Amino acid sequence: MLLLWKYFALGFSALLPLINPLGSALIFLGLVGAAPIDIYRGLARRIAINTVIFFAVIELIGSYLLGFFGISLPIVQVSGGIVIAMIAWSLLNQPDSTPSPEKTEAAAPAVTPAEIDSLQQKAFYPFTFPITAGPGCIVVMLTLSVHTEQTTLEDKVLAHLGLFIAVIVLSALIYLCYAYAPKIARTISPATAHGILRVVAFILLCIGVQIAWNGLSGLFTELLKKS
């Protein structure tokens, strides 16, 4: 059992700063805008479930999938970093007319069924990947999964179970933060909410550039070794 809690602590502490449920909830709020609270809760539930499935697949077969398609981790970092940077850039340039947290529920009846369907289609991309769980999370989970190679089958199962429990706890936090994002943001003034959203978007842009740079550095290192 000690091994289980060890990998739970490793997985939780390594993934929490990357997922950042509170910070991601503000980005989620900016992307969803004016929508009924039921839509927020429904999307939050689907995103949380998608996150569990996403990490479970990466943990169990992620390295095999990359190997099957011949994709290296640096390529994943470069591609994912570009996607994150593009999303962050669009948030940074979003006009201030974006519905404020106080108007979110008040404007809810104006949301059309087509807009609701469009939001639901975005439950996996971009809400789950890469907004909630980005390329950095993939790299961390792949790294942790490699370290779960234990001497006995029982230890290996406990190690994977510890990581899986960490993912479930993080997904529960994601649900709470996303489902109640309007209420969380409503505790601060609209101007402050816009400012925080811009800061978080800029940090997300920096994260995307950093992830892409890490991937490029890895590619350059491999190129220099070959030359």
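The values are calculated or read from the model by the stated rules, or taken from the named source; none is laboratory data. It should be emphasised that the depicted structure is a prediction, and the values quoted were computed from it without experimental measurement. Note: ideal-geometry Cβ built from the backbone for every residue, glycine included; neighbour counts use all protein chains shown. Heavy atoms of the whole protein, side chains included, go into the accessibility calculation; ligands, DNA and RNA do not. Shrake-Rupley method; radii C 1.70, N 1.55, O 1.52, S 1.80 Å.
Points to keep in mind about this one:
- Note on the range 154-227: Cα Rg divided by 2.2 N^0.38 Å, N the number of residues, gives 1.75.
- The peptide list 73-83, 117-127, put in order of mean Cβ contacts within 10 Å with the highest first, becomes 73-83, 117-127.
- Kirkwood-Stokes translational diffusion coefficient of the chain, alpha-carbon pairs, 4 °C, 1.567 mPa s, µm²/s: 70 µm²/s
- Among the protein heavy atoms of the range 170-227, carbon and sulfur supply 74% of the accessible surface, probe 1.4 Å, non-protein parts ignored.
- Backbone N within the range 2-20 under 11 Å of label point (7 Å from residue 143 Cα along the Cβ vector): 14-15
- Extending 7 Å from Cα along the Cβ direction at residue 120 and again at residue 63 yields two label points whose distance is 3.9 nm.
- For the range 1-69: rounded, prolate or oblate by the Cα gyration tensor [a/c cutoff 1.5]: prolate
- Sequence ranges 23-31, 195-203, ranked by mean other-Cβ count within 10 angstrom, highest first: 23-31, 195-203
- Å² of accessible area per residue within the range 130-227, as computed with a 1.4 Å probe and no ligands counted: 51 Å²
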